[in-house]
Amino acid sequence: MQKLLTYNEYLVKRRAGIKSNLLYIALERIALWKLRLFRPIIRFFLSTSSPTPCDILVLPSGPADISQTKGVWDNLEKNGYKIEYANYTLKSIFLNALRSKEKIESEVHTSIFLFAAYCKFLLNKYNPKTVCVFYHHNMIPSFLMKYKDKSQKIIHIPHGMQPDHYLYTSFDFDYYLVFGESSIEAIKKKKLRIGNTKLIKTGSTTLKKEYSLEPNKELKNILFFSDYWPEMYPRERRFFDIVFDWAKQHPEYNLLVKQHPVEKGDLLRSYAKGIDNVEVLDKSVGIKEALERTSLCIVGWSVASLEAAQMNRPVVVANFREYDPDSDDYVKSDSFLHLEKFFPKRAGTSEELHERISEVVGDYEKYLGRCREFVHFHLEHTTESNKFAAQVISNIHLNSTEIEYTEVEETLETLNQE
C-alpha cells in the first residue's frame, strides 16, 4: 500500500510541474480526510445504485475512446457478450465512491481512498468477469487488481503507442494490449513500471475493415490533423501559427483541416477565417474520406499519422519544439511515434514546413515506401485489427491458453529516486 501512496504523490507532483508541493498535498488530504469521516452521512443523501451485472465492463477516459474503438465492442456484442460502460469523470468517481457501501481498509491512505471506494463500487455494481480499462495514470487499475477475485481479469486498452512519459507508467493489469513491437520496446526501456503485466500485440484498436487508398501525388490538397492542445495552452498556439502561416503564403495549395475528436474548434476556425485556401472539415467527415481528397498530411504528434501512412499518405511534421532526443517530453524527443525516423525532420516555421512539403512531393515514391516501414514498425496487424483485439479479449475472458504475450515486471527505479 505504501508503494501506491508514493506513486500517487509522484503523479500529483509531476502534474503540478514541481518536485514537491507540501501545502497542496496537505490541503488535499485534509479535505479527503473530512470526506472519509463523513462518508456514511453523505451516503444517506445520495440515491442508491442498482446492480447491473455484465460480462465485460469498459472504463473509457472519455467519449472518444468508445467511438474510436466501437468496432471492438460491436464484435464482442455480436458474439453474445453483455457490455456495460462506466464513463470516467471526476464527478462519477467522487459520487460513486461516496455512494459505495463497501468498507475501505484502514491501511488505505486517505489521499487515495476515493480510488479504492470507486473500484469497490464498480466491481460490486457490475460484477464483471472482465474489465477493459483505457486510463493508465491513476490508482484505479491498481485497486481493481487489488479487489478483484481470481476469476476476474483486468485488461488495458491502448490509445496509441507508448511514449516515454510519466503518465504511461501504470502496468497494474493482468493483460496490457499494445499496438505492436515498438510499444513493447518502449515499455521495456521504462525506468518506472508500477505492477507486472503481460503484453499482447493486437495492432490498433481503432482500425476499420478497409484502410487502403491509391497514392495520389498530383493532388494539391494537404490534410492537417489538428489538436486540442492549442485550446488548452496558449503556448501551443505556435503549432497553429506554423501551419496557417504556411497556408497564407502558399495559395497554390489547399489545406483541409481535420479536427481532433475532443477539440471544440472555435480557436481553429478563428485561425482559418479569411484564408481562402483553408477548409475546416465537419467532425462527421471520416479520416478515410478526408484523406481521399489529399496527397499528404501535416501532423504534430498525432496517432492519425499511422492511419494516414497506412492509406498511402506521407507525413510532414510541424513542431515548434527543438528536437532533444534525451528529453522526457515525448513531443521534443519524438519518442512516441518516431515520425522523424521515417519522414522529414520537423518544421519549426512556416518556411521550414514548405521545405518539408516540397521534399516529400519531390521524392513521393520514397516516402510511400517510408509509409509502409512506419506502419510495420508500429502495428502488429494492419487490417481488421479491431476484430483481432476483440478476439484477444474474448480469449482472455474464456481463460484460453492460446494467448501469445510478453511478460514485463515492475521496476521502481524512478519512484525510489523521488
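Just so it is clear, none of the values below were taken in a lab; they were calculated from the coordinates. Predicted model only: the values in this text are computed from it and were never measured. Every residue, glycine among them, receives a Cβ derived from its backbone with ideal geometry; neighbour counts consider all protein chains shown.
If you bin the C-alpha pair distances of region 285-332 every 10 Å from 0, what whole percents do you get?
Percent of Cα pairs in each bin: 25, 45, 23, 8.
With the cut-off at 1.5 for a/c, could you classify region 204-286 from its C-alpha gyration tensor as rounded, prolate or oblate? Before the final figure, lay out each step's value.
Working: a/c = 2.09, a/b = 1.17, b/c = 1.79.
Cα axes put region 204-286 in the oblate bin.
For a quick check, take a GNM of the chain with Cα springs below 10 Å and name the residue from 286, 300, 180 with the largest mean-square fluctuation.
286
Relative contact order for region 250-375 using alpha-carbon pairs under 8 Å, separation at least 6, rounded to a whole percent?
Numbers: 155 pairs, mean separation 25.8, N = 126.
Answer for region 250-375 is 20 percent.
Once every DSSP H run of n ≥ 4 in the chain is given -39500 (n - 2.57) and the sum is divided by its residues, what mean residue ellipticity at 222 nm do you get, rounded to the nearest 500 deg cm²/dmol? Intermediate results must be reported in sequence, preceding the final value.
Numbers: 19 runs with 179 residues, N = 418.
It comes out at -12500 deg cm²/dmol, rounded to the nearest 500.
Tell me, what does the Kirkwood hydrodynamic radius of region 60-128 come to in angstroms if you use every pair of distinct C-alpha atoms? Display every interim value, and only then the final one.
On the way: mean 1/r = 0.0730 Å⁻¹.
The answer is 13.7 Å.
Treating region 323-418 as a set of equal point scatterers at the Cα positions, no solvent, please give the Debye-formula log₁₀ I(q)/I(0) at q = 0.12, 0.17, 0.22 Å⁻¹.
Debye output, listed in q order: -0.70, -0.98, -1.16.
Using only the alpha carbons, work out the radius of gyration and Dmax of region 90-138 in angstrom.
Over region 90-138's Cα set, Rg and Dmax evaluate to 11.0, 29 Å.
Give me the Kirkwood hydrodynamic radius of the chain, using the inverse of the mean 1/r over all pairs of distinct Cα atoms, in Å to one decimal.
Working: mean 1/r = 0.0434 Å⁻¹.
Hydrodynamic radius (Kirkwood, Cα pairs) of the chain is 23.1 Å.
Quantify how much of the Cα-Cα distance distribution of region 130-216 extends past 15 Å, in percent.
Working: 2230 of 3741 pairs.
Cα-Cα pairs of region 130-216 separated by over 15 Å account for 60 percent.
Determine which lysines satisfy two conditions relative to residue 13: a Cα distance under 23 Å, and not lying fewer than 8 residues away in the same chain.
Excluding near neighbours in sequence, the set is 3, 34, 91, 189, 190, 191, 332.
Restricting to the chain, what percent of DSSP beta bridges are antiparallel, rounded to 5?
Working: 5 of 38 bridges.
Taking every DSSP beta bridge with both residues in the chain, the antiparallel ones total about 15 percent.
Using only the alpha-carbon atoms of region 239-325 as identical scatterers, what base-10 log of I(q)/I(0) does the Debye formula give at q = 0.17, 0.18 Å⁻¹?
With one equal scatterer per Cα and no solvent, log10 I(q)/I(0) is -0.75, -0.85.
What share of Cα pairs, in percent, lie more than 30 angstrom apart in region 221-378?
Working: 896 of 12403 pairs.
I get 7 percent for the Cα pairs in region 221-378 exceeding 30 Å.
Using only the Cα atoms of region 47-166, build the gyration tensor, take square roots of its eigenvalues as a ≥ b ≥ c, and label the shape rounded, prolate or oblate: rounded if a/c is under 1.5, else prolate if a/b is larger than b/c, else oblate.
On the way: a/c = 1.73, a/b = 1.27, b/c = 1.37.
Here region 47-166 falls in the oblate category.
Output the relative contact order of the chain, whole-number percent, from Cα pairs under 8 angstrom with separation of 6+ residues.
Working: 749 pairs, mean separation 73.2, N = 418.
Rounded, it is 18 percent for the chain.
For region 313-378, state which GluC sites (Glu not before Pro) are in a DSSP loop and have at most 16 other beta carbons lying within 10 Å of their beta carbon.
On the way: sites: 322, 340, 351, 352, 355, 359, 365, 373; in loops: 322.
Hits after loop and neighbour filter: 322.
Counting only trypsin sites (Lys or Arg not before Pro) that are in a DSSP loop and have at most 10 other C-beta atoms within 10 Å, tell me the longest site-free stretch of the chain.
Details: sites that count: 19, 103, 150, 209, 273.
Counting only loop sites that pass the neighbour cut-off, the longest clear stretch is 274-418.
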